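S.K.: Below: one structure in structure tokens.
Rule-based calculations on the coordinates, nothing more; no lab input. Just so you know, these numbers come straight off a predicted model, no measurement behind them. Cβ atoms come from the backbone with ideal geometry, glycine included; neighbour counts cover every protein chain shown.
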Amino acid sequence: MRASGHDPVQANRRYVFNAKVSSAFLAPIALTEIAIRNSMNVAICSHLGVPLSEGWHRDVLSDRPRVHLLEQDRGKLQRVLQKLDRNGLTDPTGDDVVGGTSLGLWVSLASEGRSRDREYDYFRLIWQPYLYRAFPNSPDVRNKPKPLRASLREFERLRNRIAHHEYILNMNLPHQMTNILDLAGAVDADLAEYIRSTHSVDKTLRLYRAFIADGVCTL
């Protein structure tokens, strides 16, 4: 018997599969997100000549910053510091701050910023001088960042939909897995291979396709 979109039992099973597939994506997303933010963090700290333990947030939030961020991005860092302060960390390390940041901040740093602005042109002032080094295995990324930006935005979209328990089975999930592997590989080829050899997304999707074909839930 084939699954019917009007069958409440089958519909519920679809949502069970949605949770199962979402769960399969969690480890690849987490590993890739951490790799991206850590690599970008190293690139910024190296450019500014500050140790990772100190962090670059102090420069950005100072009265005379060497790295100028748009107000919304400064605000993201300020909210991290405020949260850490509420938790008793009044003098957080660079690692503390990086660990508290959202993926959205790092995706924003890889964007254009305010194009052709003397202070907030991220491409000219942040990306081309040093931030591109965070993705050493991505060819031509220094001068042609648009494909990488698109990949980062797609990665963020999937990550946020899963984090908010949204329905993802209507997305092109094989493409999403490929995108994760490409991003991981742009930072670290060994990481991409590890994710490729350990993730369970493909297996879970095969179970879902079998369910769609014959209506049998094998979870």
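S.K.: If I require 15 Å or longer along the helix axis, counting alpha carbons, and a Kyte-Doolittle average no lower than 0.5, what helices from the chain are left? Use full DSSP H segments. It would help to have the intermediate numbers written out before the result.
M.R.: Values: long enough: 8-48 (57 Å, 0.46); 71-86 (22 Å, -1.69); 146-163 (25 Å, -0.94); 173-187 (22 Å, 0.61); 201-214 (20 Å, 0.06).
Within the chain the helices that satisfy the rule are 173-187.
S.K.: Mind giving me the nanometre distance, one decimal, between the label points for residue 142 and residue 91, set 7 Å out from Cα along Cα→Cβ?
M.R.: Spacing of the two 7 Å Cα→Cβ label points: 3.9 nm.
S.K.: OK, next. How much length would be gained if the chain were fully extended between residue 12 and residue 118, taking 0.36 nm per residue of separation minus their Cα-Cα distance, in nm to one decimal?
M.R.: On the way: separation 106, 0.36 × 106 = 38.16 nm, distance 5.36 nm.
Working it through step by step, the gained length comes to 32.8 nm.
S.K.: For segment 114-180, which trypsin sites (Lys or Arg not before Pro) pass both filters: DSSP loop (anything but H, G, I, E, B) and at most 12 other C-beta atoms within 10 Å?
M.R.: On the way: sites: 114, 116, 118, 124, 133, 142, 149, 153, 157, 159, 161; in loops: 114, 116, 118, 142.
Answer by residue number: 116, 118.
S.K.: When the distances between all Cα atoms of the chain are binned every 10 Å from zero, what whole-number percent does each bin get?
M.R.: Percent of Cα pairs in each bin: 8, 29, 30, 19, 10, 4, 0.
S.K.: Assigning unit charges at the beta carbon (Lys, Arg +1; Asp, Glu -1) and nothing else, what dipole magnitude in debye, to the nearest 20, does segment 145-219 show about its Cα centre? Provide the component values of the computation, followed by the final result.
M.R.: Details: 10 positive and 9 negative charges, 49 e Å.
Approximately 240 debye in magnitude.
S.K.: Considering all projection directions equally, how large on average is the shadow of the alpha-carbon convex hull of segment 36-122, in square nanometres? The partial results should precede the final answer.
M.R.: Working: hull surface 21.6 nm².
The directionally averaged projection comes out at 5.4 nm².
S.K.: Follow-up question, since we're still on this one. Which of the lysines could a cross-linker span from residue 20 if the Cα-Cα distance has to be under 24 Å and same-chain partners fewer than 8 positions apart are dropped?
M.R.: Once the sequence-local lysines are set aside, what remains near residue 20 is 203.
S.K.: Then there is this: Based on Cβ point charges of +1 for Lys and Arg and -1 for Asp and Glu, what charge dipole magnitude is obtained for the chain about its Cα centre, in debye rounded to the nearest 20? Could the numbers behind the result be given before it?
M.R.: Values: 30 positive and 25 negative charges, 120 e Å.
Computed charge dipole of the chain: roughly 580 debye.
S.K.: Put +1 on the Cβ of every Lys and Arg and -1 on every Asp and Glu Cβ in the chain; which of 177, 18, 75 then has its Cα farthest towards the positive end of the dipole?
M.R.: Positive-end residue among those listed: 18.
S.K.: Turning to a different aspect of this structure: Please turn the phi angles of segment 87-96 into ³J(HN,Hα) values with the Karplus equation 6.51 cos²θ - 1.76 cosθ + 1.60 (θ = phi - 60°), one per residue in order, whole Hz, x for glycine and proline.
M.R.: 8, x, 9, 7, 10, x, 7, x, 5, 4
S.K.: In whole Å, how far is the Cα centre of segment 41-116 from that of segment 165-196?
M.R.: When both Cα centres are located, 26 Å separates them.
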